[in-house]
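> Pasting in a structure now, in C-alpha cells, and then I'll have a few things to ask.
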Amino acid sequence: MALLIYSPTHPVADWGAAIRALAPDLDIRLWPDMGDPADIDVALVWKPPAGLLPSLPNLKLMQSFGAGVDGILADPNIPRHVPLARVVDGNLTIGMTEYVLLHVLHFHRQVAAMQQNQRSGRWQWLPPVAASERVVGIMGMGTLGCHAAKKLVDFGFQVAGWSRGLKAVDGVTSFHGDEHLDGFLRICNVLVCLLPLTPATRGIICRRTLSLLPRGAYVINAARGGHVVDDDLLHALDSDWLSGATLDVFNEEPLREGHPFWTHPKVTVTPHNAADSIPAQVAPQIVDNIRRLQAGQPILRLVDYSRGY
Ligand code: NDP
Ligand code: OXD
C-alpha cells in the first residue's frame, strides 16, 4: 500500500517518520518523489495543488493533515467517490480551547489597556467586569466549539453557541440555523469563530453581521481567514464599533507584508497556530484509517461532501 504525503507547511519528513514507525510495511512517498501516480492508494495532504488528487487514478482514501478540509475541497475536481477523512484529536482540541481562553481572558481582563498604561508609566485602576456579565458566543459548535464552550462555562462566562443543528450543552444557550444568527450575534460581547469554511460560511464576518454585535464587542477568528471580509472588520475596528480582534487565520497566508492587520493597534495577529496537528499524536489515527481501508472496515472521521465539512 503506497501513501503519498504532500503539504506546503507541515514537516513532511517528520510525518513520514511518525507513520513509518507505526506502519513499517507502508510504501511512503514524500512529494515530489511520488513515482508512478498509479501506485498511490492513500494521500495525506494539506492544501494540495489543484490537479494533484485527480491525477491519482487508484486513490482509495484522502486524509487531511488537519481538522479543516477546505484546502482539499478547493479543487473542484477531487475524486468525490473517494472517502475524505479529517483529523479529530484530543490534543488539538485542547490547544484550540487554550487559544480561545487565552484571548477571551486577554479581552475580559483588559490586558491591552494595562499594557498601554505600563508603557506610559501610568497607574490606573480599571473597573472590573464579572465574567457572568459577558456573553461569549461561539460560531461553530462542533468538536472544537463544544469543548471551548464548556471551559468558558466553567470560568463563569455566559456562553452562547451557533450551529446548523440545535445543541444541548450544559450551561450554553444554543442558537441554530440562518434564521437565528442575528439573535445570536446581538448578545455576543465576544464572538469566537470556529466554523468550517464552506460556501455557506465564507464571508460570514462582514459589515452586516459585525453591526449586529453589541458596541465594544471583541472578535476572535481561529477558523479560516475566508470567514472574514477584511475591509469590513477594519471598518468596524476603526469606527470604534469593535474594541479589538484576535486573528489566527487570514484570507492570504502568510499574511502579506504591509497588511493593515500587522500594525493595527486593536488587532492581535498569530500565525495560524491556534491548534496544530502534531505528528506523534495524530499519526496513530491516520494509520488506523489505512488499516481500516486494508481490512475493508469503515473509515473514521469522514467528511460529508454534501455539507462540505
Ligand atoms: P466540526 O465539523 O466538528 O464542527 C463544525 C461546526 O460548525 C458544527 O457545529 C456545525 O454545525 C457548524 N456549522 C457548519 N456550517 C454551518 C453553517 N452554515 N451554519 C451554522 N453552523 C455551521 O469542526 P471542528 O470543530 O473540528 O473544526 C472547525 C474548524 O476549525 C475547522 O474546519 C478548521 O477550519 C478550523 N481549525 C482551525 C485551526 C487553527 O489552528 N486555526 C485548527 C483546527 C481547526 P452542526 O454541528 O449543526 O453540523
Ligand atoms: C486545521 C488547522 O484545520 O490547523 O487543523 O487549521
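> Please state, rounded to one decimal and in Å, the Kirkwood hydrodynamic radius that the chain gives when every pair of distinct Cα atoms enters the mean of 1/r.
Numbers: mean 1/r = 0.0481 Å⁻¹.
For the chain, the Kirkwood estimate is 20.8 Å.
> Could you work out how far the C-alpha centroid of the stretch 90-113 sits from that of the stretch 119-143, in angstrom?
11 Å
> Pull up the cross-link candidates among the lysines for Lys150, meaning alpha carbon to alpha carbon under 22 Å and not fewer than 8 places away within one chain.
Partners within reach: Lys167.
> Between Gln115 and Asn58, what FRET efficiency follows from the Cβ-Cβ distance if R0 is 41 Å, with the result rounded to 0.05?
The formula returns an efficiency of 0.15 here.
> Where in the chain lies the longest segment free of GluC sites (Glu not before Pro) that are both loop residues by DSSP (not H, G, I, E, B) and have at most 15 other Cβ atoms within 10 Å?
Longest run free of exposed loop sites: 1-251.
> So how far, in whole Å, is the C-alpha centre of the stretch 199-235 from the one of the stretch 1-70?
Each part reduced to its Cα centre gives a spacing of 34 Å.
> What size of dipole, in debye to the nearest 20, comes out for the chain about its Cα centre when the only charges are +1 on Lys and Arg C-beta atoms and -1 on Asp and Glu C-beta atoms?
I would put it at about 720 debye.
> Mind checking the dipole of the stretch 1-112: about its Cα centre, +1 per Lys or Arg Cβ, -1 per Asp or Glu Cβ, Debye to the nearest 20?
Numbers: 7 positive and 11 negative charges, 77 e Å.
Once rounded to the nearest 20, the dipole reads 360 debye.
> Hey, can you list the DSSP H helices of the chain whose Cα span along the axis is 20 Å or longer and whose average Kyte-Doolittle score is at least -0.5?
The answer, listed by residue number, is 90-108, 279-295.
> Which order, highest average first, do 281-294, 25-38 follow once you tally other Cβ atoms within 10 Å for each residue and take the mean per peptide?
My ranking of the peptides, most packed first, is 281-294, 25-38.
> In addition: Looking at Ala74, Ala18, Leu56, which one has the Cα that reaches farthest to the positive end of the dipole of the stretch 2-77 (charges on Cβ: Lys, Arg +1; Asp, Glu -1)?
It is Ala74.
Computed from the coordinates by the stated procedures, all read-outs in this text should not be read as laboratory data. Since the structure is predicted, the reported quantities are computational estimates derived from the model, not experimental observations. Every residue, glycine among them, receives a Cβ derived from its backbone with ideal geometry; neighbour counts consider all protein chains shown.
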